[in-house]
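Reviewing the structure listed below.
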């Protein structure tokens, strides 16, 4: 081997090694690491014809040393109501709340630099006007905060969704108790679906139970919460517009039943983002091989529990019918906290209209057979009943 060849190989090795190091460092970079919270909100009745919603969102630079700029911010508001919105008008106004720059009266958003681990805020005011009955029918404000993050990751337009309840039902109002069991002649429990406000990422599951369940519960009762409402309160939902399906998701989603939440590219990509492309690929291959020997459901077993829990769009009540909702996390801790703070035994469940009941977590001593029998008729419903919690009272203590 000549000296020139050795030098050439050394140069190639140096260039290749440098490229590999740069690529590795690039992949480790946080990009435009900017996070937005759900904000703090207050809804006030100004008079019989006017209601005002005010909230402050916080933008946080989560990187260790990069500066992230926010050159543009816009907010679009959609109101949801039990009645027509024809007689209701609303106006959305924004003001920057930069810590070192005064806000402008013309609502112009200063292009602002958020330094590493620093924050800035956006004040949003929504003025609603209409007849008293029309305002009383309002349920929810759905805000789409469109902003641009500008930094080491380039110029990245983003949309942050905030859902804010406008009405809260009276927790003292009792619903209708019914019998739950294998048959009406052989009930195992009295069942009370609990009506709540539209739950959002602003809510805490324990506080919701304290507010709506405590007035109707007695010692020995068991409170059950649906897995999807819990996931929503944990902020585990994404709008499909924020998901970029990759080659794997686009190719294998077509092999799932049309009714599956993994039968769309965005639904499948959600799973890929959760557990990783390698696991999804090998779960797909393994599922095919298991199906050849007569075993169904292999993909879901190999891909993990989240594969069964993802709900694609149209799976829940508005506006969540527009979102992909993931399965909840830390369900055992949630159950434990509910029991510690309320004194009620609890369970997180996944129930559908096909009489399938899956218990994700339950307090010690709570029988899964009892929960399955009591909830088999799906008293919480799968439509827009807005009863995410069900209180169970065993017939032995009724």
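Here are a few things to note about the model shown:
- When you work out D = kT/(6 pi eta Rh) for segment 237-325 at 20 °C and 1.002 mPa s, using the Kirkwood radius from C-alpha pairs as Rh and the Stokes-Einstein form, the result is 164 µm²/s.
- Selected from 264, 224, 174 as most flexible by GNM, with the chain as the system and alpha-carbon contacts under 10 Å: 174
- Multiplying the residue separation of residue 107 and residue 85 by 0.36 nm and removing their Cα-Cα distance gives an extension gain of 5.3 nm.
- Top of 276, 235, 181 by mean-square fluctuation, Gaussian network on the chain, Cα under 10 Å: 276
- For the pair residue 76 and residue 239 in one chain, pulling the backbone fully straight at 0.36 nm per residue adds 57.2 nm over the alpha carbon distance.
- Alpha carbon convex hull of segment 164-224, projected area averaged over orientations, nm²: 5.0 nm²
- Alpha-carbon radius of gyration plus Dmax, which is the widest Cα pair, for segment 34-165 in Å: 16.4, 52
- A Förster distance of 22 Å, applied to the separation of the beta-carbon atoms of residue 305 and residue 340, puts the FRET efficiency at 0.35.
- Segment 180-271: translational diffusion in µm²/s, Stokes-Einstein, Kirkwood Rh over Cα pairs, 10 °C, 1.306 mPa s: 96 µm²/s
- Candidates 165, 240, 132: whichever shows maximal mean-square fluctuation once the chain is modelled as a Gaussian network with Cα springs under 10 Å: 132
- Rg(Cα) / (2.2 N^0.38 Å) computed for segment 219-262, rounded to two decimals: 1.77
- Relative to the compact-globule estimate of 2.2 N^0.38 Å, the Cα radius of gyration of segment 269-393 comes out at 1.21.
- Rg/Rh (Cα only; Kirkwood hydrodynamic radius) as it applies to the chain: 1.05
- Each residue, residue 93 and residue 47, gets one label point 7 Å from its Cα in the Cβ direction; the gap between the two is 1.6 nm.
- Stokes-Einstein diffusion coefficient of segment 116-163, Kirkwood radius over Cα pairs, 37 °C, 0.692 mPa s, in µm²/s: 233 µm²/s
- Per residue, the chain reaches -8000 deg cm²/dmol at 222 nm when only DSSP H runs of four or more residues are counted, each adding -39500 (n - 2.57).
- Estimated FRET transfer efficiency (residue 257, residue 117; beta-carbon r; R0 51 Å; 0.05): 0.65
- Taking segment 157-277 and dividing mean pair separation by its residue count, relative contact order in percent (alpha carbons under 8 Å, at least six apart): 19 percent
- The alpha-carbon atoms of segment 117-231 define a convex hull whose volume equals 197 cubic angstrom per residue.
A short reminder: the numbers here are calculations on the coordinates, not readings from a lab. As the structure is a prediction and not an experimental result, all values here were calculated from the model. Neighbour counts are summed over all protein chains in view; Cβ atoms, including those assigned to glycine, are modelled from backbone coordinates with ideal geometry.
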